[in-house]
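Participant: One structure follows; several queries about it will come next.
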Amino acid sequence: MTIPLRVAMIGHGFMGAAHSVGWRQAPAAFDLPLAPSMAVLVGRDADKTAAAARRWGWDETSTDWRAVIARDDIDVVDIVTPGDSHAEIAIAALAAGKHVLCEKPLANSVEEAEAMEQAAQDAAAHGIRAMVGFTYRRVPAVTLMRDMISAGRIGTIRQVRASYRQDWLADPESPMTWRLDKNRAGSGALGDIGAHIVDMTQFVTGHALTEVSGVMETLVEERPVLDEAVGLGGTAGTERGAVTVDDVALFTGRLESGTLATFEATRFATGRKNALDIEISGDAGALHWNLEDMNALEFYDATRPAGEQGFTRILVTEPEHPYLSGWWPTGHMLGYEHGFSHQVKDLTEAIAAGADPQPTFADGLRVQRVLDAVERSAHSGSAWTGV
């Protein structure tokens with residue numbers, strides 16, 4: 001770790017905090033081929049950006065992302081801004097010769113995602129790499145699920161069930177945020193959390209979705225405006241803003257293998273705080289995982305004698321399990337933040353090896369096309385729509 005990898009992160013807040021922890025922890029947990037350095041944090045508000053930099057350990061701050069990506073002493077640009085700025089920043093950073101890590105979903109539209117993917121292809125010809133941040137791929141239990149499916153442990157996949165349920169918008173008086181504005185977020189539950197279950201399904205099965213049939217609904221159409229959330233001069237309860245995204249997205253999909261999959265993305269599942277749930281059923285067994293019990297993977301082996309069948313709970317904390325060699329003794333649990341350290345590990349190793357880090361912008365574009373097909377289906381009365 002003698003060669004530095006100098007990082008500029010554009011944006012902060014919740015996702016910026018998670019990425020900051022990843023950049024800070026990964027070099028301590030893993031023997032990385034390059035030495036990440038948290039060089040610059042960029043934000044629109046100088047005071048808030050400086051406060052975030054002090055808290056999370058960034059060396060300096062800026063309010064001008066264009067000036068930062070033009071600097072010769074920056075190697076990686078990490079984008080954690082709302083989706084409406086992903087394309088502009090990523091394309092400019094790649095053109096400036098910077099490796100790029102961009103949060104999901106890749107963009108707010110297929111057209112933007114296509115332009116980003118083309119920019120990534122062009123940059124790759126010059127040794128510049130791009131990754132999209134579907135961090136849940138890097139939960140050890142999810143990677144183990146993928147590995148077991150690839151090894152044939154559940155046989156031929158027959159059905160997939162995936163859902164991501166939260167309840168942080170269940171209260172109709174919860175205030176407006178940028179995530180409820182289509183111009184900034186692109187979509188609501190569909191893009192925010194539905195993107196995760198689409199990517200995870202394609203990741204663990206190894207098959208892309210080819211067509212979908214869906215419905216989307218906005219359950220609360222107006223919410224209180226806060227000064228900090230939307231700069232309209234209002235206060236909570238005195239002014240209300242229009243919600244222009246979906247609250248719930250339900251859809252069925254078909255994988256290229258012919259397998260049917262069902263999906264639910266909602267931020268109105270009362271009592272469910274962060275319940276990402278996926279179950280893969282095969283002709284020789286099944287696998288099930290839920291984020292609210294993230295260190296465990298349930299495995300059903302249908303080849304065992306009838307008297308011994310039942311789901312087995314695998315505690316994914318052994319050093320032989322994916323990513324666990326860098327962490328704690330057996331049985332000592334990992335948390336949400338560790339996936340971001342694994343993301344840094346994989347990105348750093350790919351850059352050092354001159355390889356494309358996974359998932360690529362092409363993977364992000366593939367997810368964007370699924371989201372677009374769901375939206376088109378919903379607007380056409382749930383007709384089956386090609387991806």
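The values are calculated or read from the model by the stated rules, or taken from the named source; none is laboratory data. Values in this document were obtained by computation on a predicted structure and should not be read as measured data. Neighbour counts run over all protein chains shown; Cβ positions are idealised from the backbone, glycine included. Keep in mind that these areas ignore ligands, DNA and RNA; they rest on the heavy atoms of the full protein, side chains included. Shrake-Rupley method; radii C 1.70, N 1.55, O 1.52, S 1.80 Å.
Participant: Could you check how many residues of segment 174-202 are part of a helix (DSSP H, G or I) and surrounded by fewer than 20 Cβ atoms within 10 Å (Cβ to Cβ)?
Facilitator: Matching residues across segment 174-202 total 4.
Participant: Moving on to the next point. What is the residue count in segment 294-303 for residues that are acidic (Asp, Glu) and in contact with a helix residue (DSSP H, G or I) (Cβ under 9 Å, 6 or more places away or on another chain)?
Facilitator: Looking only at that region, the number is 1.
Participant: Contact list please: Cβ distance under 7 Å, first residue in segment 190-216 and aromatic (Phe, Trp, Tyr), second residue surrounded by fewer than 20 Cβ atoms within 10 Å (Cβ to Cβ), pairs at least six apart or on different chains.
Facilitator: Close Cβ pairs (under 7 Å, with a partner that is surrounded by fewer than 20 Cβ atoms within 10 Å (Cβ to Cβ)) amount to 203/146.
Participant: When segment 85-126 is examined, which residues are found to be in a loop (DSSP other than H, G, I, E, B) and touching a strand residue (DSSP E or B) at 6+ places or on another chain (Cβ under 9 Å)?
Facilitator: Within segment 85-126, 96, 98, 104, 105, 106 qualify.
Participant: Further question on the same structure: Got a number for residues in segment 30-84 being open to solvent by 20 Å² or more (accessible area, probe 1.4 Å), free of Cβ contacts under 8 Å to residues at least 40 places away in the same chain and part of a helix (DSSP H, G or I)?
Facilitator: 9
Participant: What about residue 282, is it over 30 Å from residue 3 (Cβ atoms) and either open to solvent by 40 Å² or more (accessible area, probe 1.4 Å) or modelled with pLDDT under 95 (or both)?
Facilitator: Here the answer is no, as residue 282 does not meet what is asked.
Participant: A further question on this structure: Quickly run through segment 304-345 and pick out the residues that are under 19 Å from residue 154 (Cβ atoms), at pLDDT below 95 and surrounded by 11 or more Cβ atoms within 10 Å (Cβ to Cβ).
Facilitator: Within segment 304-345, just 309 meets the criteria.
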